[in-house]
Amino acid sequence: MGAALVFYSAFDAFEAWQPALQAALPGLDVRAARAGDGLVAGDPADVRYALVWKPPHGFFGRFPNLKLVINLGAGVDALVARDDLPHVPITRLSDPRMSQMMASFVLMCVLRHARDIPLLEKAQRERRWHFVSPRTAGEIKVGVLGLGELGGAAALELARQGFDVRGWSRTARALPGIACHHGLDALPGFLAESDILVVMLPLTDETRGLLNAERLARLPRGAAFINVARGPVVDEAALVAALRAGQIGAATLDVFEVEPLPQDSPLWGMENVLITPHLASMAIPRSAAAQIAENIRRVEAGEEVANRVDPQRGY
Ligand code: NDP
């Protein structure tokens, strides 16, 4: 029996992933697990690799010869929170196309605020010619929280557009053209200097609820707020209060504490909020398959895998 990869996702299309995986890994047996109970046809002992998005509890334990787990996406908070992870390398997807997709989405969000588009949309609805003196990018300070694969790419794209970009991470980072800061002590000052704040942090024990009322109050009054990472990094009730009070002037939100955003969320009705349904970026089968193939090669060769997740650290 040859080696098999098992695919589980109730969200992503196997029909798109199967041909991409088979093109990158000729001869590999790619099997879909049934959405819901995760049942897979064939001998479980053949399965060496698992490409998964939120599989059912106990899923990994069914495969005695599992060597590699690949999270079908960049965010691993759901995966590392599990108590049934196997003792094999855990990796996530993160490739240049995914970063480019995120960087362009973040650029769109930042430009929207930088060029006062929400004000102009409101004026248009009221049939009002509302001239707002445009600001140049260099006059606008953009703070990017999280300088990883996606956050780093977004920060660099914003700097390329001429914004005054600063970034914040857990450990020290250096990115050309970006004023880099790190650690909790630097956060209050960092927030105070962010006309537009972009949240690109993974959800971990340390980042859950990080942007609470006190920290949101550090932002310059009327700052714009963008979250494309994970909803629970922000205290949503505090965000709503800050938006109502004008402490935050406008927000673009792609992620929420509860998704889909509940019907009764006050965010739906807020004129100064743009809601997008968690689509800033996603794993792209063709480019991701090349990355998966390389990691499979490395596992088989006994080499260290790329994009490895540290479950203890949470990302
Ligand atoms: P990475 O893991 O590559 O980078 C994470 C960054 O956050 C690093 O710079 C890291 O610091 C920093 N960080 C982590 N914890 C802390 C902390 N406690 N304090 C300060 N900084 C911290 O992640 P990506 O850039 O690839 O992705 C970011 C997130 O985007 C994902 O975790 C996911 O949740 C979200 N996402 C959202 C999507 C969407 O469609 N909306 C799509 C894909 C991902 P350091 O550099 O020191 O390690």
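Show the residue pairs that are 6+ apart or on different chains and have beta-carbon atoms under 6 Å apart, the first residue being within segment 197-222 and on the phi > 0 side of the Ramachandran plot, the second being part of a loop (DSSP other than H, G, I, E, B) and more than 15 Å from the ligand (Cβ to nearest atom).
Once the first residue is on the phi > 0 side of the Ramachandran plot and sits in segment 197-222, its partners that are part of a loop (DSSP other than H, G, I, E, B) and more than 15 Å from the ligand (Cβ to nearest atom) give GLY209/ASP235.
When segment 290-310 is examined, which residues are found to be in a loop (DSSP other than H, G, I, E, B), open to solvent by 50 Å² or more (accessible area, probe 1.4 Å) and within 13 Å of the ligand (Cβ to nearest atom)?
Scanning segment 290-310 gives a single hit, ASP310.
Do you know which residues across segment 278-289 are open to solvent by less than 60 Å² (accessible area, probe 1.4 Å) and either among the small types (Gly, Ala, Ser) or more than 13 Å from PRO96 (Cβ to Cβ) (or both)?
Those that are open to solvent by less than 60 Å² (accessible area, probe 1.4 Å) and either among the small types (Gly, Ala, Ser) or more than 13 Å from PRO96 (Cβ to Cβ) (or both): ALA280, SER281, ALA283, PRO285, SER287, ALA288, ALA289.
Working only within segment 223-250, note down all residues that are small (Gly, Ala, Ser) and open to solvent by 40 Å² or more (accessible area, probe 1.4 Å).
If the condition is that a residue be small (Gly, Ala, Ser) and open to solvent by 40 Å² or more (accessible area, probe 1.4 Å), then ALA237, ALA241, ALA245 are the ones that fit.
With within 16 Å of the ligand (Cβ to nearest atom), open to solvent by 50 Å² or more (accessible area, probe 1.4 Å) and either closer than 16 Å to LEU72 by Cβ or not assigned by TED's automatic domain parsing to the domain that holds PRO19 (or both) as the only criterion, which of GLU259, GLU271 stands out?
The conditions single out GLU259.
Just need a number here: residues in segment 130-154 that are in contact (Cβ under 8 Å) with a residue 24 or more places away in the chain and either of a type in the set (Ser, Thr, Tyr) or within 27 Å of LEU120 (Cβ to Cβ) (or both).
Residues in segment 130-154 being in contact (Cβ under 8 Å) with a residue 24 or more places away in the chain and either of a type in the set (Ser, Thr, Tyr) or within 27 Å of LEU120 (Cβ to Cβ) (or both): 10 in total.
Of everything in segment 233-250, what is out of contact with any helix residue (DSSP H, G or I) (no Cβ under 6 Å at 6 or more places or on another chain) and aliphatic (A, V, I, L, M)? Give them in sequence order.
Result: VAL233, VAL234, ALA237, LEU239, ALA241, LEU243, ALA245.
Kindly indicate the residue of segment 243-256 that is of a type in the set (Val, Ile, Thr) and within 16 Å of the ligand (Cβ to nearest atom) and also farthest from LYS122 (Cα to Cα) among those meeting that condition.
Ranking the candidates gives VAL255 first.
Pairs under 7 Å by beta carbon, first residue in the same structural domain as THR204 (by TED's automatic domain parsing) and farther than 15 Å from GLY146 by Cα in segment 228-244, partner modelled with pLDDT of 95 or more and in a helix (DSSP H, G or I), six or more apart or different chains?
If the second residue must be modelled with pLDDT of 95 or more and in a helix (DSSP H, G or I), the pairs left are ASP235/ALA213; ALA238/ALA213; ALA238/LEU216; LEU239/LEU216; VAL240/PRO266; VAL240/LEU267; ALA241/ALA213; ALA242/LEU216.
Quick check, is ALA224 in contact with a helix residue (DSSP H, G or I) (Cβ under 7 Å, 6 or more places away or on another chain) and within 30 Å of ALA23 (Cα to Cα)?
no
May I ask you to verify whether LEU184 is within 16 Å of the ligand (Cβ to nearest atom) and closer than 25 Å to THR276 by Cβ?
no
Looking at LYS54, is it open to solvent by 30 Å² or more (accessible area, probe 1.4 Å), at positive phi and touching a helix residue (DSSP H, G or I) at 6+ places or on another chain (Cβ under 8 Å)?
yes
Mind checking which residues of segment 101-151 are within 16 Å of the ligand (Cβ to nearest atom), surrounded by fewer than 21 Cβ atoms within 10 Å (Cβ to Cβ) and under 24 Å from HIS182 (Cβ atoms)?
LEU107, GLY148, GLU149
Write out, first by first residue and then by second, each pair whose Cβ atoms fall under 8 Å of each other, whose residues are 6+ apart or on separate chains, and whose first residue, in segment 161-176, is touching a residue at least 40 places away in the same chain (Cβ under 8 Å) while the second is part of a loop (DSSP other than H, G, I, E, B) and more than 16 Å from the ligand (Cβ to nearest atom).
Hits for this filter: PHE163/ILE140.
The values are calculated or read from the model by the stated rules, or taken from the named source; none is laboratory data. Everything numeric here is computed off the predicted structure, so don't read it as measured data. Here the Cβ is made from the backbone with ideal geometry for all residues, glycine too, and neighbour counts use every protein chain on show. Areas reflect the complete protein model, heavy atoms only, side chains present, ligands, DNA and RNA absent. Shrake-Rupley method; radii C 1.70, N 1.55, O 1.52, S 1.80 Å.
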